[in-house]
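J.: The structure that follows is given in the form of structure tokens.
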Ligand code: GLU
């Protein structure tokens, strides 16, 4: 029996948040497709956020290519895309708030002097950095197990303190860490539902701790399986996954749809694909859209 999503009273807002480090590939399309279908099945809004905070990784022209690929596939965003590089004041304010709350400390450790595994808390207050220069700013994590439910994967838990330790949210040279900016952006954009690849499942507990510390609502999450290449590695730009060729949009959509585990092709035309796939996604997740 489908049940409406009652845990968050806000109207559904989803997002796709590509990094402009290259064009979309078959793996990133799967995440985009899932987030788009979930937003449409809920009759919600779907926003696009260009995650260009890591400027050295930004490839000139990649954003334009990504937007063109999404358009060719018939995926429409509901507001002008935002870019993280235009949002530094927002991150500054969040950082100040965490610092005022005593949840941030300067860390002098160099990566190569640390053992593998969770950060051992060497610079944690009251010990501090001594006379050594600060190299990064770490978030002071809460003890205990973070428990949440993933709409695809079911119940999840992670002991952030034991498995990750206090993590970096900003480098001394000013570079913001992904974990902080994604939480600040999701909060600012009113995102109710995060739908993305399972490689980011491991970040969710950290992001929940940050959101709580910033007084932000916790979005629901749904992590879709990763697309692997023939050697079993995640398809990614780092692994040189080929750019998605959108000259045959329906073929791209069907392949991504089947990568999500839906057995048959959804439809014979692009238009039919969207209505059929949205309806099937809604059934699969028991989504009852609001009337209207
Ligand atoms: N920018 C991230 C990526 O391209 C996605 C971040 C997220 O969805 O939270 O993998």
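The values are calculated or read from the model by the stated rules, or taken from the named source; none is laboratory data. Remember, it's a predicted structure, so these values are computed and weren't measured experimentally. Positions of Cβ are generated from backbone atoms using ideal geometry, with glycine treated the same way; all protein chains shown enter the neighbour counts.
J.: Going residue by residue through region 54-63, is there one that turns out to be free of Cβ contacts under 8 Å to residues at least 12 places away in the same chain and either within 16 Å of residue 223 (Cα to Cα) or assigned to a loop (DSSP other than H, G, I, E, B) (or both)?
T.: Among the residues of region 54-63, at least one is free of Cβ contacts under 8 Å to residues at least 12 places away in the same chain and either within 16 Å of residue 223 (Cα to Cα) or assigned to a loop (DSSP other than H, G, I, E, B) (or both), which makes the answer yes.
J.: I've got another one for you. Starting from residues that are within 14 Å of the ligand (Cβ to nearest atom) and not in a loop (DSSP other than H, G, I, E, B), keep the ones in region 70-87 and report whichever is farthest from residue 260 (Cα to Cα).
T.: That would be 85.
J.: Within region 6-51, which residues are over 21 Å from residue 239 (Cβ atoms) and within 12 Å of the ligand (Cβ to nearest atom)?
T.: 14, 15, 35, 47, 48, 49, 50
J.: Next up: How about region 52-63: which of its residues are more than 14 Å from the ligand (Cβ to nearest atom) and either crowded, with 17+ Cβ neighbours inside 10 Å or over 24 Å from residue 90 (Cβ atoms) (or both)?
T.: Of everything in region 52-63, those that are more than 14 Å from the ligand (Cβ to nearest atom) and either crowded, with 17+ Cβ neighbours inside 10 Å or over 24 Å from residue 90 (Cβ atoms) (or both) turn out to be 60, 61.
J.: May I pose another question? Within region 131-188, count every residue that is in contact with a strand residue (DSSP E or B) (Cβ under 8 Å, 6 or more places away or on another chain) and within 30 Å of residue 282 (Cβ to Cβ).
T.: Adding up the residues that qualify gives 14.
J.: Evaluate region 170-180: report whether one residue or more is under 10 Å from the mean Cα position of the chain (by Cα), under 22 Å from residue 142 (Cβ atoms), crowded, with 20+ Cβ neighbours inside 10 Å and within 12 Å of the ligand (Cβ to nearest atom).
T.: No, because not a single residue in region 170-180 is under 10 Å from the mean Cα position of the chain (by Cα), under 22 Å from residue 142 (Cβ atoms), crowded, with 20+ Cβ neighbours inside 10 Å and within 12 Å of the ligand (Cβ to nearest atom).
J.: May I ask you to say which residue of 185, 166 is closer than 15 Å to residue 16 by Cα and buried (at least 19 other Cβ atoms within 10 Å of the Cβ)?
T.: None of the others qualify; the one that does is 185.
J.: Can you give me the number of residues within region 226-271 that are in contact with a strand residue (DSSP E or B) (Cβ under 8 Å, 6 or more places away or on another chain) and assigned to a helix (DSSP H, G or I)?
T.: 0
J.: Would you tally the residues in region 280-292 being surrounded by 15 or more Cβ atoms within 10 Å (Cβ to Cβ) and either farther than 17 Å from residue 43 by Cα or free of Cβ contacts under 8 Å to residues at least 40 places away in the same chain (or both)?
T.: So the answer is 1.
J.: Can you tell me which condition residue 196 does not meet? The list is (1) part of a strand (DSSP E or B); (2) at positive phi, and all the others hold.
T.: (2)
J.: Name the pairs: first residue in region 189-200 and free of Cβ contacts under 8 Å to residues at least 40 places away in the same chain and farther than 18 Å from residue 260 by Cα, second residue within 7 Å of the ligand (Cβ to nearest atom) and assigned to a loop (DSSP other than H, G, I, E, B), Cβ to Cβ under 8 Å, at least 6 apart or on different chains?
T.: none
J.: What is the one condition in (1) in contact (Cβ under 8 Å) with a residue 60 or more places away in the chain; (2) surrounded by fewer than 20 Cβ atoms within 10 Å (Cβ to Cβ); (3) more than 22 Å from residue 155 (Cα to Cα) that residue 259 does not satisfy?
T.: Checking residue 259 against (1) in contact (Cβ under 8 Å) with a residue 60 or more places away in the chain; (2) surrounded by fewer than 20 Cβ atoms within 10 Å (Cβ to Cβ); (3) more than 22 Å from residue 155 (Cα to Cα), the one that fails is (2).
J.: Could I ask something else about it? Can you name every residue in region 186-219 that is out of contact with any helix residue (DSSP H, G or I) (no Cβ under 7 Å at 6 or more places or on another chain) and within 13 Å of the ligand (Cβ to nearest atom)?
T.: Hits for region 186-219 are 186, 189, 191, 198, 199, 200, 201, 202, 204, 208.
J.: Restricting the first residue to region 8-23 and requiring it to be more than 16 Å from residue 80 (Cβ to Cβ) and touching a residue at least 12 places away in the same chain (Cβ under 8 Å), which pairs with a second residue that is assigned to a loop (DSSP other than H, G, I, E, B) and within 10 Å of the ligand (Cβ to nearest atom) meet a Cβ separation below 6 Å and a spacing of at least six or different chains?
T.: From region 8-23, the pairs are 19/51; 21/237; 22/237.
J.: For region 172-198, give me each residue that is at pLDDT 95 or above and over 20 Å from residue 82 (Cβ atoms).
T.: Correct list: 197, 198.
J.: List the strands (runs of 3 or more DSSP E) inside region 104-193, counting only whole elements, that have at least 1 residues being closer than 27 Å to residue 47 by Cβ.
T.: 136-139, 145-150, 154-159, 167-171
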